[in-house]
Amino acid sequence: MVEIEELRPGADHSGDPGPNASALAGMIDRARRLTPSQAHALAGAVAWRWMPLAVPGSGSVVAARADAMAAARGARRDAAAAAAEADARQAATESPGGQSLGGRWSWAEDGIAAVGVGVIGVAVSSGAGQPILAAAFTLVAIAGVVLLLLFESRAVTRARLLAAVGAAALAIVVRDMLDPRAFEALHGPWATVMRD
């Protein structure tokens, strides 16, 4: 998947996005209003469209992103491109859809605690010759693993969502200079879900 840079508070938002400024502003505004179903659909579109293309090479999303960044640097829009990606990701993070995927760390903590209690309980109960109690602690450990898997699934979905909106913003900044295939590779998940 496309590498996602961390959002930096106070990032430099200078730079001119060129003739695509209004399209970029509209895209970021829509990212700010993503619903939970749109957020999940964008993550699914990234998985479906980009995963087979994740290996660097001609036609891949990695190559398309490299082409877009080179075009942005060549047109002195690299600061605008970086700001657009950061702004789009921040907007998606703050959207209702992004917040539905937000950090529910208590789930992870609860999962870790349940696994720990379950494993220790199974060891102690088995040693004491209490198979029914050991079975109960086994169920606690399994429930903990399920919670951890749900937490990880949300984190992956959120990462894919942020990749989709960041790549779409980058593609819009350099649309007038980018090969149509590279534009489609970057903007494709967004266009599929949002019909843009």
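The values are calculated or read from the model by the stated rules, or taken from the named source; none is laboratory data. All values derive from a computational prediction rather than experimental measurement. Glycine also receives a Cβ, built like all others from the backbone with ideal geometry; neighbour counts cover every protein chain displayed. Quick note on the areas: whole protein, heavy atoms, side chains included, nothing else; ligands and nucleic acids left out. Shrake-Rupley method; radii C 1.70, N 1.55, O 1.52, S 1.80 Å.
For A159, are the conditions met, namely being part of a helix (DSSP H, G or I), at pLDDT 80 or above and open to solvent by less than 10 Å² (accessible area, probe 1.4 Å)?
Answer is no for this residue.
Between a first residue in segment 113-140 that is open to solvent by 60 Å² or more (accessible area, probe 1.4 Å) and a second residue that is modelled with pLDDT of 75 or more and not in a helix (DSSP H, G or I), which pairs have beta carbons less than 9 Å apart while being 6 or more apart in sequence or on different chains?
Within 9 Å, the pairs are V124/Q130.
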